[in-house]
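Here's the structure, in structure tokens; my notes come after.
Derivation of every value follows stated rules applied to the coordinates shown; laboratory data play no part. Every value quoted in this text rests on a predicted model; they were computed, and no experiment measured them. With ideal geometry, Cβ positions are generated from the backbone for all residues, glycine too; neighbour counts draw on all protein chains shown.
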There are 4 protein chains.
Amino acid sequence: MVVLLKQNPNKKQLDNLMDWLHSLGLSVHCSQGEQQTILGLVGDTSSVDIDLIKALDIVEDVKRIQEPFKNANRKFHPDNTVIDIGTGRIGGGDFQVIAGPCSVESESQICEIAKSVKASGASMLRGGAFKPRTSPYAFQGMRAEGIRLLLEAKELTGLPIVTEIMDLSQLSLFEQVDIIQVGARNMQNFELLKELGKTNKPILLKRGLANTLEELLMSAEYIMAGGNERVILCERGIRTFETMTRNTLDLSAIPVLKNLTHLPIIVDPSHATGKSSLVLPMALAAAAAGADGLIIEVHNDPQHALCDGPQSITPDAFDTLMGAVKSILPVCMKY
Amino acid sequence: MVVLLKQNPNKKQLDNLMDWLHSLGLSVHCSQGEQQTILGLVGDTSSVDIDLIKALDIVEDVKRIQEPFKNANRKFHPDNTVIDIGTGRIGGGDFQVIAGPCSVESESQICEIAKSVKASGASMLRGGAFKPRTSPYAFQGMRAEGIRLLLEAKELTGLPIVTEIMDLSQLSLFEQVDIIQVGARNMQNFELLKELGKTNKPILLKRGLANTLEELLMSAEYIMAGGNERVILCERGIRTFETMTRNTLDLSAIPVLKNLTHLPIIVDPSHATGKSSLVLPMALAAAAAGADGLIIEVHNDPQHALCDGPQSITPDAFDTLMGAVKSILPVCMKY
Amino acid sequence: MVVLLKQNPNKKQLDNLMDWLHSLGLSVHCSQGEQQTILGLVGDTSSVDIDLIKALDIVEDVKRIQEPFKNANRKFHPDNTVIDIGTGRIGGGDFQVIAGPCSVESESQICEIAKSVKASGASMLRGGAFKPRTSPYAFQGMRAEGIRLLLEAKELTGLPIVTEIMDLSQLSLFEQVDIIQVGARNMQNFELLKELGKTNKPILLKRGLANTLEELLMSAEYIMAGGNERVILCERGIRTFETMTRNTLDLSAIPVLKNLTHLPIIVDPSHATGKSSLVLPMALAAAAAGADGLIIEVHNDPQHALCDGPQSITPDAFDTLMGAVKSILPVCMKY
Amino acid sequence: MVVLLKQNPNKKQLDNLMDWLHSLGLSVHCSQGEQQTILGLVGDTSSVDIDLIKALDIVEDVKRIQEPFKNANRKFHPDNTVIDIGTGRIGGGDFQVIAGPCSVESESQICEIAKSVKASGASMLRGGAFKPRTSPYAFQGMRAEGIRLLLEAKELTGLPIVTEIMDLSQLSLFEQVDIIQVGARNMQNFELLKELGKTNKPILLKRGLANTLEELLMSAEYIMAGGNERVILCERGIRTFETMTRNTLDLSAIPVLKNLTHLPIIVDPSHATGKSSLVLPMALAAAAAGADGLIIEVHNDPQHALCDGPQSITPDAFDTLMGAVKSILPVCMKY
């Protein structure tokens, strides 16, 4: 951390600052110039609140140089985190595809999709039981009953299940869920993250639509600080000025995150683009960019397509996608 | 709502769509051209899920023309909502200023600030008990004890109190709180909004840092749909590419919202800008743009400024701000 | 400027870097820690290319601490730049309003508007002769003839004129123009800026719709580096995700720029918002935030409103706006 | 185009509007509901100025449904545009890689890089002669001399050359240049685009960093409206709130543009990410997403790396990249 002081700082205030920094266990190197004085703070600055220092009268600016996350930091944990989900391993060099409908709607719907995506090679089943909807007048999900139906589909197919939690009061319903998803809107629901840090479930943490990668890692850090180190990061598009796609899928996030953290990273091209025709090319691009897997929306019944968003693809389209992904993976994995 | 069909739509699918639209109580006007066919849907489309229609094979695009919010809509409720908070009315043409520290830290701190901001003309006291912090290693607030201290300051000064809730499990602690604040990160915590819709407390709903004004109104709609119509909207800056300020304060939001909704709108220049030197000019600008009030961070002890963010102003600066605001209000209120 | 080195930097490469930095006239302070080494560069770093240093093998990151602009920097030029335009002074504590139509369309149109806005108190006339239009099929302006008509209106009313240049090949047509406007799309047309730096005309430089305030100041620096110090900055809204307004007017830019530079700053609420109903409240807010003036679109003929954008106000609305602005200015100027 | 009228529109004004719309050759379908009246305009609306209609008193809103671009529109030109550059074809199903240094610096530099990238399989040479730099104090390029050196490298290697024009006054210097590049900052320099529309050179048009895909296509339309149909689009990252990468590479742009237009699309991962370590994964991702080619920055001399930005890769890294791209192309081209 580097602290730039204002010109001619008050001597007493500077001494106070130096004492306080030393009391935090930091060593301080002072570069005094004619126009400016710079303090270089060396040591563990991850718990130093940058805003506190900026507020001081004698300080002009503060720049963080070390990352503020520790448990998630690849520097302190060089090996990839690998999460075994029974049907495969996420983060260990394999490529896992999670597939299923936007919302669980009925037993036959979720069971049919589960069988279908399994046949195409998916290793996990997704489906929304609790649905975060912008409008209070839109369908809010089957809730507890939705989770029950997902578990039936799991029993039928052997596919582990992933589903989203919206509030920590729902946690007891997730006991048999294999991976708990935290949606983009809850990425900074810190009370929820703390509770999930006390569980032993893998957590699929989606990037908020206006959150930086550093903030995503800090939210992972919330979960990991509680003792749960099994966090899967998910890039699902960020909000920009472009309106042709629902969000802008930030695939550079994959190699950037791979460099900063040992946690696995998957990509959700369905929500990011909001258009079924874009799911295949973006799934291939994500694989090529080095993702550890995908999460894909699949609906099963074109006649009832009214109940699915425009970003869902059919089982046939999903089968094609799986074939395409499988054929480029051997090449991509080499780089 | 306007539906643009693809060229040469399948007759049977079009009939199915028409039947379904009629079943929703909508009347449909069809404009058939050589190159395109347009359906104009007339009636209450607020509960129609635009994504459902977009997903249909025969549909190229759908454009919403009516607003999707009802309870919050000025068209159906032309008169301003006015919320009486004892020391004043929010939304009734008066201008209310809520002031206080970022975090409650001690009895003496909160009580001194309360007395000071009251003397300068604030009509409510704010202070954080539960603090949403990006880092798990940063101070998380005094929690229940913080609320207790706020209530002491209320007893001492008579100022009603505003404080933030972070999770619905905390709701029982807010029984004596006068206004419950929903922070920017929780603007789309829909489970929380639903619970708050069942209370009879005024809710201060902050705009999420990447949420549109329509989404802000939809979140207000969640609370109002539950029966609680006393919602105060708060503009507190949005996330953009500019880095000189923490966020970009969107003051156009004030006249835009005034036109769309009858709910009161206040502005938080402290969090939006993140710099104490910008609080006064942005407070004046908010008043000039037609806001119903302000929420301002004030810290009381420059010696202990380490515990306050760089966006806080001192009681003296707050006193100057109140003087400035009072002097331009009589002019602004005329327009 | 602060350079963070990678761990265990190559000794020879480090020596090369140090020699190069010294050759630039900088003194270098080295803070060697266990985990990282930091170089603090002290001296004039405004011409150091930050990217060059970042590209070195031994460098992990570089942070600029001094601003990269000099001529525009208030630190080196504490007094406000004041530009005398005959009918008033911009930047000297007065408040100037530039008004006129989006496009010059005919002699009677521009002359009538000129008389009308003068009567309401405008001190300059604006009008587009060369029009940057997104579509090649839209009206591209009257070009040279438009400038001729502006000059007629100037002769009639005595109002100095402001009009936009789109390419440096047009420069000879601007000899009698009082202020040359550089539009948002040309803010980083560096060849044009260099040419304008050789003229002795005041330049109205509009912020690009996705440009930071630092970039705006660097573009001003381009003009000033050529010897022309009379630059007027103009905030006209930035591109964000919000769609209710055409752009998001960033009024915080005013106090931020006032702190960084001595150049005057005016605001264009017409283009920023794109809606005539928002022009008055945003004009008042700009004045309250400390702007040195406004530039406002006014159209004169409601029957021919087809030729004006939705952001234009009528002469009557402009008269009301001028009254409102005049009544709050005495209060705002005090702060 | 759909026009939503305000409630109870003035009869005479409505008749005027209808007459005007008919005079434009449009047929108008009127859907009259209890709460609202909708006009559906059918016909060629590409030259209708949407803002003109929005400005009318009786109009509440206007929504464009047809795209405003014609020459660039795939609907009216279903076959891909293919541009033959001698060493290969862009847009015809092949994949072309343009490579070279950020700036031309010397004869030996550009000639060595040219030989090297040719050996690795590049089909064109890029190099900056005129350099748009944020700071007036940074190196501005070798200008005319830079173009001369590029032509020497072309003679030596047979590689066609691509270089950027910054102002239309430079056009005569580009006579022997094979492809003229329009940089991101000039994407809406309409005077330049018009002049380029009169040439018979292929134009490489880079997306502006805050421009929508529709605006990119409208700028292509400017060139095409002048008679020059050989436009190559280039995605090079957009400005967002994320700071870990210089810009956010929007790879969804590829399939979106492929659907809207027949023009070829290439990707610039070097400028988009600003980091050499991200160039390979993003190049692979671009190929996987369906791009027609890449433009890559390569520098040749690590000892003199000070003269290259951090986004440049070495000839060895480029050789690896070419191998990787070639190995996944046969798979990607199938989808």
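Could you work out, residue by residue across C:179-189, how many beta carbons of other chains sit within 10 Å of that residue's beta carbon, and then give the average as an integer? Don't jump to the answer; show the numbers that get you there.
Details: counts 0, 0, 0, 0, 1, 1, 8, 6, 1, 10, 9.
Average per residue, whole number: 3.
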Inset, instruction - Quick one: which residues, 5 or more positions from C:Thr240 or on another chain, have an amide H under 5 Å from its amide H? H modelled 1.01 Å from N in the peptide plane, none for Pro or chain starts. - result: C:Thr248
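Could you put C:Met218, C:Met244 in order, starting from the residue whose Cβ has the fewest other Cβ atoms within 10 Å? Could you put the intermediate results ahead of the total?
Numbers: C:Met218 25, C:Met244 19.
Going from least to most buried by this count: C:Met244, C:Met218.
Please compute the alpha carbon radius of gyration of the stretch D:71-182, then divide it by the globular-protein estimate 2.2 N^0.38 Å. Two decimals is fine.
Numbers: Rg = 15.3 Å, N = 112, 2.2 N^0.38 = 13.2 Å.
Rounded to two decimals, the normalised Rg is 1.16.
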Inset, instruction - Could you go through the stretch C:100-106 in sequence order and give the Karplus-derived ³J(HN,Hα) for each residue, using 6.51 cos²θ - 1.76 cosθ + 1.60 with θ = phi - 60°, rounded to whole Hz, and x for Gly and Pro? - result: x, x, 4, 10, 6, 10, 6
Inset, instruction - Starting at the first residue of the stretch D:139-149, write each ³J(HN,Hα) from the Karplus equation 6.51 cos²θ - 1.76 cosθ + 1.60 with θ = phi - 60°, in whole Hz, x for Gly and Pro. - result: 3, 9, x, 7, 6, 3, 4, x, 5, 4, 5
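In the stretch A:1-133, what % of DSSP beta bridges are antiparallel (nearest 5)?
Roughly 85 percent of the beta bridges in the stretch A:1-133 run antiparallel, per DSSP.
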Inset, instruction - Mind jotting down the distance between the C-alpha centroids of the stretch B:231-291 and the stretch C:257-301, whole Å? - result: 16 Å
Legend entry - Taking only Cα atoms of the stretch D:173-316, radius of gyration then Dmax in Å: 15.5, 47
Inset, instruction - Determine the dipole magnitude for the stretch C:196-278: charges of +1 sit on the beta-carbon of Lys and Arg, -1 on that of Asp and Glu, nothing else is charged, the reference point is the Cα centre, and the result goes in debye to the nearest 20. - result: 280 debye
Inset, instruction - Please name whichever of D:Asn186, D:His77, D:Gln7 sits farthest to the positive end of the charge dipole of chain D, dipole taken about the Cα centre and charges placed at Cβ: Lys and Arg +1, Asp and Glu -1. - result: D:Gln7
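What is the mean number of Cβ atoms from other protein chains located within 10 Å of the Cβ atom of each residue in peptide A:315-324, rounded to a whole number? Please list the in-between numbers first.
Details: counts 0, 0, 0, 0, 0, 1, 1, 0, 2, 5.
The per-residue average across the peptide is 1.
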Inset, instruction - Specify the inter-centroid distance of the stretch B:151-185 and the stretch C:98-166, based on alpha-carbon positions, in whole Å. - result: 55 Å
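What number, in percent, do you get for the relative contact order of chain C if the mean sequence gap of Cα pairs under 8 Å and at least 6 apart is divided by its residue count? Spell out each step's value before the answer.
Working: 674 pairs, mean separation 49.7, N = 335.
Dividing the mean separation by the residue count of chain C yields 15 percent.
Nearest 20 debye, what's the magnitude of the dipole of the stretch B:2-63 about its Cα centre given +1 on Lys and Arg Cβ and -1 on Asp and Glu Cβ?
Numbers: 5 positive and 9 negative charges, 25 e Å.
Here the size comes out at about 120 debye.
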Inset, instruction - Using the Karplus curve 6.51 cos²θ - 1.76 cosθ + 1.60 with θ = phi - 60°, work out ³J(HN,Hα) for each residue of the stretch C:265-277 in order, rounded to whole Hz, and write x for Gly and Pro. - result: 10, 10, 10, 10, x, 5, 5, 4, 8, x, 9, 4, 5
Inset, instruction - On a 0 to 90° scale, report how tilted helix C:213-225 is relative to the longest principal axis of chain C, with both axes built from alpha carbons and the result rounded to the nearest 10. - result: 90 degrees
Legend entry - Per-residue mean of C-beta atoms belonging to partner chains within 10 Å, peptide A:206-216: 4
Legend entry - Given charges at beta-carbon only (K, R positive; D, E negative), |dipole| of chain D in Debye: 300 debye
Inset, instruction - Enumerate the amide H contacts of B:Gly128 below 5 Å, restricted to partners 5 or more residues apart or on another chain; note that Pro and chain-start residues carry no placed amide H. - result: B:Ser103, B:Val104
Inset, instruction - Quick one: grab the alpha carbon gyration tensor of the protein assembly as shown, order the square roots of its eigenvalues as a ≥ b ≥ c, and give me rounded if a/c is under 1.5, else prolate or oblate depending on whether a/b is larger than b/c. - result: rounded
Legend entry - Candidates C:Asp79, C:Asp51, C:Asp178: whichever shows maximal mean-square fluctuation once chain C is modelled as a Gaussian network with Cα springs under 10 Å: C:Asp51
Legend entry - chain D: angle of helix D:315-332 to the longest principal axis, Cα-based, in degrees nearest 10: 50 degrees
Inset, instruction - Report, by chain and number, residues whose modeled amide H sits under 5 Å from the one on B:Val59, excluding near sequence neighbours (fewer than 5 apart, same chain). - result: B:Lys6
Inset, instruction - Compute the long axis of helix B:11-23 from its Cα atoms, compare it with the longest principal axis of the Cα atoms of chain B, and write down the angle in degrees, 0 to 90, nearest 10. - result: 50 degrees
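Quick check on the protein assembly as shown: of the DSSP beta bridges with both residues there, what percent are antiparallel, nearest 5%? Walk me through the intermediate numbers first.
Numbers: 74 of 182 bridges.
Bridges in the protein assembly as shown are about 40 percent antiparallel.
Dividing the Cα radius of gyration by the Kirkwood radius, what Rg/Rh value follows for the stretch C:74-332?
Numbers: Rg = 16.7 Å, Rh = 18.1 Å.
With Rg and the Kirkwood Rh in hand, the quotient comes to 0.93.
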Inset, instruction - Would you please report the Å³ per residue occupied by the convex hull of the alpha carbon atoms in the stretch C:2-63? - result: 72 Å³
Legend entry - Spatial separation of Cα centroids for the stretch D:1-70 and the stretch C:6-70, in angstrom: 61 Å
Inset, instruction - Quickly estimate the mean residue ellipticity at 222 nm for chain D, helices only: each DSSP H run with n ≥ 4 gives -39500 (n - 2.57), and the total goes over all residues, rounded to 500. - result: -9500 deg cm²/dmol
Inset, instruction - Determine the percent antiparallel among the DSSP beta bridges restricted to chain A, to the nearest 5. - result: 40 percent
